[in-house]
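A quick write-up on the structure given underneath.
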Protein chains: 2
Amino acid sequence: MSLLTAPKPVIAVVGVGAVGGYYGAKLIRAGHDVHLLLRADYEAVRRDGLNVRSDVEEGFHLPSGELRVYSDPADAPKADLVLVCLKATGNAAYEPLVGPLLKDDSTILTIQNGLGNEDQLADLFGADRVTGGMAFVCIHRTGPGLIHHIDHGFLKIGEHVPAGGSPPGATPRVERAAELFRSAGVRCDVLDDLRRGRWEKLLWNIPFNGLGAALDLATDRLIGSADGVALLTAIMREVAAVAAADGVPLPPELIDRQITHTATMGAYRSSMQLDRQAGRPLEVEAILGEPVRRAQKLGVPVPATEALYRMVRLMDPAGAAAGQ
Amino acid sequence: MSLLTAPKPVIAVVGVGAVGGYYGAKLIRAGHDVHLLLRADYEAVRRDGLNVRSDVEEGFHLPSGELRVYSDPADAPKADLVLVCLKATGNAAYEPLVGPLLKDDSTILTIQNGLGNEDQLADLFGADRVTGGMAFVCIHRTGPGLIHHIDHGFLKIGEHVPAGGSPPGATPRVERAAELFRSAGVRCDVLDDLRRGRWEKLLWNIPFNGLGAALDLATDRLIGSADGVALLTAIMREVAAVAAADGVPLPPELIDRQITHTATMGAYRSSMQLDRQAGRPLEVEAILGEPVRRAQKLGVPVPATEALYRMVRLMDPAGAAAGQ
């Protein structure tokens, strides 16, 4: 049985923070066969279950009796679909956390921030089983198993495109994964080219997460002055140039459109700004480091983005803790 | 009588903060004819005098009876030498503060941070009377008339070089001004080309003041990691390229030398970082804005420096107060 043939595929969720908790809970509520892999929050979730509070849709609680939770992936069943929802700072744990869940025909779907997650999973487990996606959702983990959903929530998923490869388009297994989410009330678009989705999201994530973390400024302060807009635009233009060199030319008007859209978000603090404020490690390599290295590999100069990358590393609580 | 012919030239000090207070007090102690122009600190200094505390040389106090202080420049005598020691954020007051002190042969010597101060003074009062200099001193104003001298203190001064002009070398009036400082125990070098001195200092000031203010990091944090050194070096290379296009090629090893020298300064907080911490307006236009505009005029790309300029403006308490 596989994701394509199983009437009720076995779904494992690795990393039950905000994203893994939110989508995992929705799949469970819809009656799917979901197995949650937790580390720090294992005891609390096993005791108290999962709770989703939402500002824009009905909240719900899943008591522990309705959950299958594991602290050791060896105790969980092999999965048809492994949803990887770790913070990208935890990717060093891919092998011990994901490996034991895999059988020959398992599909991995990473829903993480930034660039390079699919490549790392492909290196470890084979490119042919890797798919990826982006969550467009405003969401926070307010405590173990406590998820505060603020807005949005749709997914875009697609097949991993190895370096130098061509996008295979919408495959049956990605369509099937999308169906699972849709059956749980989650809008899920299937991308013909995952790279396009990644770069479109990076176009926003690099400046807003980067500047949010470096300067500790929310989105309203960044778009609220001519200086902020000039700064955002300069960085976004560099990102768009890398995307184009990477085979994904973005429409030029996307920069203005993303800035205009951000104005509707109020004083939104990006995830990396929140991580900085909470003293947590920053997803700086996935969101900024990998794109800068991709630019270098492609010979595209990104001086402002590279400066921002260095600044965020200087402000990274993980770096400071390591005495860098 | 002029700066060159007067046995005891009339010296006016405009702006008695850290720099104006320190050099003004030294000149007064050496018996020179010094007139201090103050605004906010006028009453306090008229009552309590000037006090210089130093970590590296003997401190001293000048009681009010030994000072000539003015809140209105119309009350002060016309000066042979006008030392301008305002914060560059106060340059809008050049005309009302400096104008009334001038006679036909007055010499203006601006000892302020950044680029463009001489040009602004030249526009107002004529290029032929403007000279300028840099203070290499670690110094703070801890209260009205209270100066805390931490280290160093020498000056480099020279003739203003208008845009497109050639440096006239060491002129008698600049030599004479240097003598006055030397007679007060202040090392003072005369520059053949003031622009070289300005750009050498900007090579340090732009990255260290800029990053100090944008990120609220002291020098030890900036030079203490490979990321910080890479970031500083990228910005300094851009600054050196502008200096070269402006007619002042700097020796390539100066970048490493300045970074190495900064390591001897410990956890030094630049003036702009201190201003940020105190909620004071930042000298962002003199230190970053003017150099960026000079680069644009000269057609030299400075993307990292321009990004830093925008970031510092975003963090400027003056900008935030104005609701930018």
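The values are calculated or read from the model by the stated rules, or taken from the named source; none is laboratory data. The structure displayed is predicted, hence computed values, not measured ones. Because the Cβ atoms are built from the backbone with ideal geometry, glycine has one as well, and the counts that use them run over all protein chains shown. These area figures cover heavy atoms from the full protein model, side chains too; ligands, DNA and RNA do not enter into them. Shrake-Rupley method; radii C 1.70, N 1.55, O 1.52, S 1.80 Å.
General remarks:
- A 1.4 Å probe run over the protein assembly as shown, with the rest of the protein chains in place, finds 39 Å² accessible per residue.
- Where a label projected 7 Å from the Cα of A:Arg53 along Cα→Cβ would reach, residues of the range A:127-158 with amide N under 14 Å: A:139-151
- Counting only protein heavy atoms and a probe of 1.4 Å, the accessible surface of the range A:196-319 is 54% carbon and sulfur.
- Between copies, the label points of A:Glu179, set 7 Å from Cα on the Cα→Cβ line, lie 9.6 nm apart, reported in increasing order to one decimal in nanometres.
- Over the range B:121-191, the reciprocal of the mean inverse Cα-Cα separation, the Kirkwood hydrodynamic radius, stands at 13.7 Å.
- Once the Cβ-Cβ distance of B:Ala40 and A:Ala93 is raised to the sixth power relative to R0 = 60 Å, the FRET efficiency obtained is 0.55.
- Averaging over all projection directions, the Cα-based convex hull of the range A:56-155 occupies 7.3 nm² in the image plane.
- DSSP beta bridges confined to the protein assembly as shown are antiparallel in about 35 percent of cases.
- Taking a point 7 Å out from the Cα of A:Ala278 in the direction of its Cβ, the residues of the range A:91-115 whose backbone N falls within less than 19 Å of it are A:91-93, A:111-114.
- Rounded if a/c under 1.5, otherwise prolate or oblate - the protein assembly as shown, Cα gyration tensor axes: prolate
- Computed E for B:Glu175/B:Ala74 - FRET, C-beta separation, R0 25 angstrom, nearest 0.05: 0.20
- Prolate/oblate/rounded label for chain B (Cα gyration tensor, a/c 1.5): prolate
- Net charge contributed by nearby residues that have their C-beta within less than 13 Å of A:Cys188 (K/R +1, D/E -1): +2
- The phi-based Karplus calculation (6.51 cos²θ - 1.76 cosθ + 1.60; θ = phi - 60°) puts the 3J(HN,Hα) values of the range A:240-254 at 4, 5, 5, 4, 4, 5, 8, x, 10, x, 9, x, x, 6, 5 Hz, whole numbers, x for Gly and Pro.
- Anisotropy class assigned to the range B:178-259 is oblate, per the alpha carbon gyration tensor with a/c at or over the 1.5 cut-off and a/b no larger than b/c.
- Using a probe radius of 1.4 angstrom, the carbon and sulfur fraction of the accessible surface of the range A:1-113 is 49%.
- Cβ-vector label at 7 Å, A:Ala6, separations to other copies in nm: 9.2
- Heavy-atom accessible surface that B and A bury in contact, both chains counted, 1.4 Å, Å² to 100: 2100
- Two-decimal Rg/Rh across the range A:203-317, once Rg and the Kirkwood Rh are taken from alpha-carbon atoms: 0.95
- Using alpha-carbon coordinates, inclination of helix B:303-315 to the longest axis of chain B, degrees: 60
- Each peptide among A:205-215, A:274-284 gets the average number of other Cβ atoms lying within 10 Å of its residues, and from highest to lowest they stand as A:205-215, A:274-284.
- Annotation: Cα Rg of the range A:3-124 relative to the compact-globule expectation 2.2 N^0.38 Å equals 1.02.
- Helical content alone sets the calculated 222 nm signal of chain A at -12500 deg cm²/dmol, taking -39,500 (n - 2.57) per DSSP H segment of four or more residues and averaging over every residue.
- Calculated FRET efficiency for the pair A:Thr260/A:His140, C-beta based, R₀ 41 Å, to 0.05: 0.95
- Rule-of-thumb Rg ratio for the range A:247-293 [Cα; 2.2 N^0.38 Å; N residues]: 1.47
- Taken residue by residue and averaged, Cβ atoms of other chains lying within 10 Å of the Cβ of B:230-243 number 2.
- Positive contributions from Lys and Arg (+1) and negative ones from Asp and Glu (-1), summed over other residues with Cβ under 12 Å from the Cβ of B:Val45, come out at +1.
- Label points for A:Ser166 are taken 7 Å from Cα along Cα→Cβ. From this copy to the others they lie 6.5 nm apart, shortest first.
- Among chain A residues, the one whose Cβ is nearest the axis of the rotation from A to B, given with its distance rounded to whole Å, is A:Pro303, 2.
- The angle separating the long axis of helix B:194-215 from the principal Cα axis of greatest extent in chain B is about 60 degrees.
- Annotation: amide H-H contacts under 5 Å for B:Leu36 (H modelled 1.01 Å from N, sequence separation of 5 or more, or interchain): B:Val13, B:Arg68, B:Val69, B:Tyr70.
- The distance linking the range B:123-152 with the range A:246-289 is 42 Å (Cα centroid to Cα centroid, whole angstrom).
- Violating pairs (Cα-Cα greater than 18 angstrom) within the set B:Lys201/B:Lys297; B:Lys26/B:Lys156; A:Lys201/A:Lys297; B:Lys156/B:Lys201; A:Lys8/A:Lys78: B:Lys201/B:Lys297; A:Lys201/A:Lys297
- Taking every C-alpha pair closer than 8 Å and separated by at least 6 residues, the mean separation divided by the residue count of the range A:196-319 gives a relative contact order of 37 percent.
- Beta bridge orientation in chain A: antiparallel %, DSSP, nearest 5: 35
- For peptide B:305-317, the mean count of partner chain Cβ atoms within 10 Å of a residue's Cβ comes to 6.
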